[in-house]
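Below is one structure, written out as structure tokens; the observations come after it.
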Amino acid sequence: MKNKELLPIVQEIQQRDMRHFPEFYAAFEKLIRCYGVRFSDDDAAQELTVFLLELVYSLDCDQFLPDDSEALKRYIAVAIRNRYIALSKQRQAHEKMANELLEGMGAFSMNEDSLVLRNALRELPDKQRLAVTYHYVYGYSDREIADRLRITRQAVNRLKNRGLAFLRTYYGL
């Protein structure tokens, strides 16, 4: 999409008129899906979509001329890429924390049940593992977990529920 097509749509979205949002989103959907697949979870594409919408709301349209260039589209694509990189770094940090937590759990007595639990926890995605471990092993509140992971309390609750559902399946309960 050229600036002259994209700018009016962005301005409409900024005015909370979402009639042309599907058309706007289609211009970036492939990129968002590509980055989402690299994370191999459903939340990544959602996070990038929310970021796209927040970016549009905060965008200063006066920076871009309504011409035949694709400067605005490139700007948004680069911003999505940068957000993906930031999310990658966050997830690497989460993975590191999750592995440290699992290693820390090794300090507890290791009977057969705790070994099975550790193995089951290793099967969870990093964020789910962190949410479950922080809450049920270390006793952190949802607010504390949300602050550590830089997500909302609702997201913590969703992660815990998904993690517990998996663990129930893993244990055959």
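Bear in mind that the values in this text are calculations on the coordinates, not laboratory data. Computed from a predicted model, the values in this text were never measured in an experiment. Cβ sites come from the backbone with ideal geometry, for glycine too, and all protein chains shown count toward neighbours.
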Discussion item. Which of VAL132, VAL37, VAL10 has the fewest other C-beta atoms within 10 Å, and how do the rest follow up to the most?
Written reply: VAL37, VAL10, VAL132
Worksheet item: Can you give the extra length, in nm with one decimal, that the chain gains between GLU23 and GLN92 once fully stretched, where that is 0.36 nm per residue apart less the Cα-Cα distance?
Response: 21.5 nm
Worksheet item: lysines within cross-link reach of LYS89: Cα-Cα under 25 Å, excluding same-chain residues under 8 positions apart?
Response: LYS30, LYS73, LYS127, LYS160
Fill in: Neighbourhood net charge (11 Å Cβ-Cβ; Lys/Arg +1, Asp/Glu -1) for ILE76
+3
Item to complete: First select every other residue whose beta carbon is under 13 angstrom from the beta carbon of GLN154; then total the charges, Lys and Arg +1, Asp and Glu -1.
Response: +3
Discussion item. Defining a contact as two alpha carbons under 8 Å apart and six or more residues distant in sequence, what relative contact order in percent does the stretch 3-89 show?
Written reply: 43 percent
Response to the item:
Put in order of increasing Cβ neighbours within 10 Å, starting from the fewest, LYS2, LYS127, LYS89 give LYS89, LYS2, LYS127
